[in-house]
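Peer 1: Provided herewith is a single structure, encoded as C-alpha cells, for subsequent inquiry.
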Amino acid sequence: MEIAQHLILFIMRLFIFKYVIIGICMIIFSGCGTQRHAFIDNSVKNWQQIKKTDNKAIVHTLYLIGDAGALDNPEKGTNYVLEAVKNELDTSRGDETLVFLGDNLYPKGLEASANEDRSRGEKVLNAQLELANHVNGTTVFIPGNHDWKRGHKGGLRYILRQEDYVESYFDQNGPKVKMYPGHGCGDPKVMKINKDLVFIFLDTQWWLQNWENEPGINRGCEVKSHTDLLHSIEEIFMDHKNDEIVVLMHHPILTNGNHGGNFSMKQHIFPLTDLNDRLWIPLPVLGSIYPLNRQVSGHVQDVTHGKNKQIMQGIDQIAKRLRVDVIFASGHEHSLQYFENNKIKYVVSGSGAKHTYTAAGRNALFTKEARGFAKIMFYEDFESWIEFYTVTGYDQEPVLEFRKQLRVPRPGTIEEEVKFPDIPIRDTLVAANKNFLAGSFKSFLMGEQYREMWATPVEVQTINLLEEHGGLTPIKKGGGMSSNSLRMEAQ
C-alpha cells in the first residue's frame, strides 16, 4: 500500500514538473511581442529602399479594415482608425473597394429593435457605413464570429438583421453598400473587378457555427454543406486561374496572435487581466494551462481547432494544388500581419478597434501589434503592392509600417528602358578562337589543323548598326554547322 502511495505521488510530481517545464518554455518562446517595435524579417529588412514604380496607373485600390466594431468616442460616434481611413480615401484617386473584414459590431452583433442595446449597435455600424460616402466604388461588410452572436445559438438571426441594416442604410441614389456573402449562406460571392482581378467573399463563421442551433440555415442557398463550399471554391479558382484572386474572409489561415496559440508573458503569469485589467493576480504555471490548450487543440475560433483546420487548410490546399495567384485577406486577430508561401500571400488586418498580443517571427515577414489598416494597390500591368499603416489617435497621420510588392508585372506588359554600354568606334584586335591552340603532344596526335591561324589576333573593323548603310536591321539568324551569321537589312 505504501509503495502504491509513493508511486502515485511520484507520478503527480512528474506530471506537475512536466507542465512547469512546458509553461516555462512557452513563456520564453512567446514573450517576444511586437507592440513597441514591428517585426520585419531579415529577408525584407530593406523594404523602405524598394520603391514602387512611378508614373504607372493604379486601376484599383482595396482598403482592408477588420474588427472595427467598437467606438473610441461613443458620444460622437467615432473611431480614430476610421477617421484616418476617411482622410486617406479623400485624397485617393481611381476605383476603390472598402472591405470590413468581420466583427463589425461587438460584443455579439446587432440586437433586435426593441432591445436597449440596439441604439448603441446602430451607432457603431453607422461610423463604418459613413465611410461609404468617401469610397469611389463599393463598400462590403463580411460577417465575423461576433456578428453571428459570438457563434452562439440564434446567430443566424443576428447576421440577417445586420445585413438588412447595412444594405438599407442608404437609399438607391446613395453609395453602394453590400454584405457578402448574403442571407447567412455559405455561397461564395465573386466580384469581377477587371479582366485580371477578382475578389471572392467568404463567410467562414458559417462553417464554424453549430448548424443544429440555427433553424432554417442554408434554406434557399446553393451551398448546403461543407463539402459543397470546398467544391465551389475549387471551381471558382479554376475559372479564374489566370487572374489575380483576392479571397476576403474573417478568419486567418496563418497568424502569430492569440488565435494561433501565441500569448505574452503577462498572459502566462497574470492570466486574469484578460478578463479584468485590475486582476493582477500572479498564477505562474497555472496561467500557462489555458495558453497551452489554445496552442494544442484550441477553441473553435483558433487555427489549431479541428473544425477551423478543415476550412482553413482545405481552402489553402486547393490554392496550392491548383497553383493559382491568391491573396488571402482576413481579420479576427487584432493586429497587422503578412506571410508568404510562393504564389500565395496571407494578409491579416484586424485592428480597427483594438490590438492584442502578436508574436514576432514564426515564418511571418511582418507583424505589428497596433491599431491600423492595410491597402492593396493594383496596377494596369498586373503588378500589385500592399501597405500596412498604424494609427495612434485622432488627428494623427497614419504611419507606414511596411510595404511589399505582391505581384511583379506580367512579362511583356511594360516597356523597360535598356541601357547598353557605349561601343567604342574603333578597330580592334581579336583572335578567331584561341581554344584551338594545343601542345606538342596533342598537335602530334591530332595534327596542326591551322591552329596558329585560328589563334592569331587580326584587326577587325567595328561598325555601328545605326549608321552603317543608313542603318541595319537584323532580320534572320544564319550560319551552318560550323559558322554563325546574322542577316541584316539596310534602310
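Peer 1: Just reorder K76, K434, K354, K442 by solvent-accessible area, largest first, 1.4 Å probe, all chains present.
Peer 2: K76, K434, K442, K354
Peer 1: If the only charges are +1 at each Lys and Arg Cβ and -1 at each Asp and Glu Cβ, what is the size of the charge dipole of the stretch 54-194 around the Cα centre, to the nearest 20 debye?
Peer 2: 420 debye
Peer 1: Testing the spin-label approximation: label points 7 Å from Cα along Cα→Cβ at E459 and S443. State their distance in nm.
Peer 2: 2.7 nm
Peer 1: Obtain the radius of gyration and the Kirkwood radius of the stretch 251-350 from its C-alpha atoms and give Rg over Rh.
Peer 2: Using Cα coordinates only, the ratio equals 1.07.
Peer 1: Continuing with this model, one more query. For the chain, what is the accessible area per residue in Å², given a 1.4 Å probe and the full set of protein chains?
Peer 2: On the way: 26880 Å² over 491 residues.
Averaged over the residues of the chain, the accessible area is 55 Å².
Peer 1: Which entries of K51/K320; K224/K375; K320/K404 have Cα-Cα distances beyond 26 Å here?
Peer 2: Over 26 Å Cα-Cα: K51/K320; K224/K375.
Peer 1: If you take all C-alpha pairs in the stretch 68-215, what percent of them are over 20 Å apart?
Peer 2: Taking all Cα-Cα pairs of the stretch 68-215, the fraction more than 20 Å apart is 48 percent.
Peer 1: When only C-alpha pairs under 8 Å and at least 6 residues apart count, what is the relative contact order of the chain, in percent? Let's see the in-between values first.
Peer 2: Values: 1005 pairs, mean separation 79.9, N = 491.
This gives 16 percent for the chain.
Peer 1: Over the chain, what is the percentage of antiparallel beta bridges among all DSSP beta bridges, to the nearest 5?
Peer 2: Just about 65 percent of them are antiparallel.
Peer 1: Using a Förster distance of 25 angstrom, determine the FRET efficiency expected from the C-beta separation of R93 and Q405, and round it to 0.05.
Peer 2: Efficiency at R0 = 25 Å is approximately 0.75.
Peer 1: Which aspartates and glutamates, on any chain, are close to K176 with Cα under 15 Å apart, when same-chain ones fewer than 8 places away are left out?
Peer 2: Within the straight-line cut-off, K176 pairs with D95, E96, E130, E163, D164, E167.
Peer 1: Got a sec? What order do H152, H268, H134, H334 fall in by accessible area at 1.4 Å, biggest, i.e. largest, first?
Peer 2: Output order, biggest surface exposure first: H152, H134, H334, H268.
Peer 1: Ok, one more. Which value, in Å² and to the nearest 10, is the accessible area of K476 when all protein chains are kept and the probe is 1.4 Å?
Peer 2: Near enough 110 Å² of accessible area.
Peer 1: Using the Cα atoms as the points, what is the convex hull volume per residue of the chain in Å³?
Peer 2: Dividing the Cα hull volume of the chain by its residue count gives 302 Å³.
Peer 1: Contact order normalised by length for the stretch 283-361, with contacts defined as Cα pairs under 8 Å and 6 or more residues apart; what percent is it?
Peer 2: After rounding, I find 18 percent.
Peer 1: K195: which aspartates and glutamates have alpha carbons under 13 Å from its alpha carbon, excluding same-chain residues fewer than 8 sequence positions away?
Peer 2: Within reach: D239, D243, E244, E380, D381.
Peer 1: A further question follows. How large is log10 I(q)/I(0) at q = 0.18, 0.19, 0.29 Å⁻¹ when the Debye formula is applied to the Cα atoms of the stretch 188-254, each weighted equally and without solvent?
Peer 2: -0.75, -0.82, -1.37
Peer 1: Now, a different point. What figure in square angstrom, to the nearest 10, would you give for the accessible area of R321 with a 1.4 Å probe?
Peer 2: Counting only protein heavy atoms, the figure is 130 Å².
Peer 1: Determine how large the accessible area of M377 is when every protein chain is in place; take a 1.4 Å probe and give Å² rounded to the nearest 10.
Peer 2: Rounded to the nearest 10, that gives 10 Å².
Peer 1: If you don't mind, another one. To check you understand DSSP bridge types, tell me what percent of the beta bridges within the stretch 124-210 (both residues inside) are antiparallel, rounded to 5.
Peer 2: Close to 55 percent.
Peer 1: Relative to the longest principal axis of the C-alpha atoms of the chain, give the angle of the C-alpha long axis of helix 155-167, reported between 0 and 90° and rounded to the nearest 10°.
Peer 2: Around 60 degrees separate the two axes.
Peer 1: With a 1.4 Å probe and all protein chains in place, put D196, D171 in order of accessible area, largest first.
Peer 2: Per-residue accessible area, sorted high to low, gives D171, D196.
Peer 1: When you count, for each residue, the other Cβ atoms within 10 Å and take the mean per peptide, how do 339-350, 355-366 rank with the highest first?
Peer 2: Per-residue mean Cβ counts within 10 Å order the peptides as 339-350, 355-366.
The values are calculated or read from the model by the stated rules, or taken from the named source; none is laboratory data. Computed from a predicted model, the values in this text were never measured in an experiment. FYI the Cβ positions are ideal-geometry reconstructions off the backbone, even for glycines, and counts take in every protein chain you see. Note: areas computed on protein heavy atoms with side chains; ligands, DNA, RNA excluded. Shrake-Rupley method; radii C 1.70, N 1.55, O 1.52, S 1.80 Å.
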